[in-house]
1. Return the only residue of 52, 68, 7, 90 being among the aliphatic types (A, V, I, L, M), out of contact with any helix residue (DSSP H, G or I) (no Cβ under 6 Å at 6 or more places or on another chain), surrounded by 15 or more Cβ atoms within 10 Å (Cβ to Cβ) and not in a helix (DSSP H, G or I).
2. I'm trying to understand the selection: among the residues of segment 17-40, which are assigned to a loop (DSSP other than H, G, I, E, B), out of contact with any strand residue (DSSP E or B) (no Cβ under 6 Å at 6 or more places or on another chain) and open to solvent by less than 30 Å² (accessible area, probe 1.4 Å)?
3. When only residues in segment 93-120 that are part of a loop (DSSP other than H, G, I, E, B) and β-branched (Val, Ile, Thr) count, which is nearest to residue 284 (Cα to Cα)?
4. Among the listed residues 271, 227, which satisfies the condition of being of a type in the set (Phe, Trp, Tyr), at pLDDT 95 or above and open to solvent by 70 Å² or more (accessible area, probe 1.4 Å)?
5. In this structure, is residue 144 among the β-branched types (Val, Ile, Thr), over 30 Å from residue 239 (Cβ atoms), at pLDDT 95 or above and crowded, with 17+ Cβ neighbours inside 10 Å?
6. Residue 279 passes all but one of (1) farther than 21 Å from residue 80 by Cβ; (2) outside any helix (DSSP H, G or I); which number fails?
7. With respect to residue 63, determine if the residue is among the hydrophobic types (A, V, I, L, M, F, W, C) and at pLDDT 95 or above.
8. If we keep just the residues of segment 192-219 that are in contact with a strand residue (DSSP E or B) (Cβ under 8 Å, 6 or more places away or on another chain) and part of a loop (DSSP other than H, G, I, E, B), which is least open to solvent (accessible area, probe 1.4 Å)?
Amino acid sequence: MKTKVLIIGGGPIGLYFASRCNDYLLIESNNFLGGQLISLYPEKEIVDIPGIKSIKAKDYIKLLTNKIDMNKVHLNEQVINIINNGEIKIITNKNEYTAENVIIATGLGFSSPRPLGIDGEQGCDNILYHLSDFSFLKGKKVAIFGGGDSALDWAKSISKISNHVSLIHRRLEFRGNPETIKDCNNLHLYLPYIPYSLEKSGNTCKRIKIKLVSETKEEYVTLDVDYILVNYGNIAKIPDFNFEKDGSFFKVNSNYEVASHIFAIGDTCSYVDKKRRIAPGIDEANKVLKLIS
């Protein structure tokens with residue numbers, strides 16, 4: 001099967017690229033589109049998309065999927081190898097394709113949530129690593145672990161429906177934008193603290209003890225909890241396709257190429273001062289679109 005553009009990955013950047021193409025084929029290894037925005041953060045508020053002031057992740061994915069031709073999308077198909085010997089061949093677990101251009105938009109790859117890392121965590125029904133709905137947390141005692149944008153978004157949203165929300169981060173400064181929680185007056189902050197131990201009843205965590213990060217002072221706080229939300233990011237496994245990597249990510253040139261006519265855009269690529277957000281990924285996609293048009 002031949003196509004002008006073969007897109008690997010149906011996350012937000014792959015979908016955006018497809019929405020701007022005519023002759024393309026999009027291959028996604030999952031049985032759904034949207035990547036981690038759907039699997040982990042469907043309720044996340046996105047505020048950095050050009051031309052859109054604010055939109056929920058799930059609504060942004062719906063907006064993009066409405067712009068593409070689903071007949072040009074192959075779900076449940078995984079790319080195994082890319083061969084570039086004058087003609088670009090893409091080998092999957094189901095088919096073989098040729099393409100004039102390949103767009104690698106695999107995001108952070110196949111991932112699993114990074115755990116708290118304390119004894120007894122596994123098997124606790126009320127320790128959650130992703131959310132598709134916040135309503136069941138109304139009035140509940142919730143402890144959130146993490147300091148990135150998603151953890152701050154969770155804290156902001158849940159503190160609107162509960163007065164018993166604690167945000168625990170291992171550093172004094174957040175990785176995410178602290179302005180997100182600026183007006184959350186009923187949010188309890190614990191900085192810098194780390195998880196230390198938990199108390200269980202059956203498969204439910206009833207209390208979690210956190211420890212102050214300090215070389216001079218030993219201090220612990222025990223929190224009663226109905227739910228624990230963990231947002232430490234994900235442990236990613238990114239396919240390499242035998243291209244040069246910078247750590248876990250594809251190293252690209254100034255045209256976002258890993259090889260001639262093979263591009264990597266979005267979170268999966270690496271270059272100096274790379275920012276792993278949607279807006280820079282869109283900018284990368286637009287530049288590549290101009291190159292191949």
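The values are calculated or read from the model by the stated rules, or taken from the named source; none is laboratory data. As the structure is a computational prediction, the values presented were derived from the model and not from experiment. Counting neighbours? That spans all protein chains shown, and the Cβs are built from the backbone with ideal geometry, glycine included. For the accessible areas, the whole protein counts, side chains as well, though only heavy atoms, and no ligand, DNA or RNA atoms are used. Shrake-Rupley method; radii C 1.70, N 1.55, O 1.52, S 1.80 Å.
1. The conditions single out 90.
2. 28, 33, 34, 35, 40
3. Among those residues, the one meeting the criterion is 106.
4. Step by step, each of 271, 227 is checked, and only 271 is of a type in the set (Phe, Trp, Tyr), at pLDDT 95 or above and open to solvent by 70 Å² or more (accessible area, probe 1.4 Å).
5. So residue 144 passes the test.
6. (2)
7. Here the answer is yes, as residue 63 does meet what is asked.
8. Once the filter is applied, the top-ranked residue is 192.
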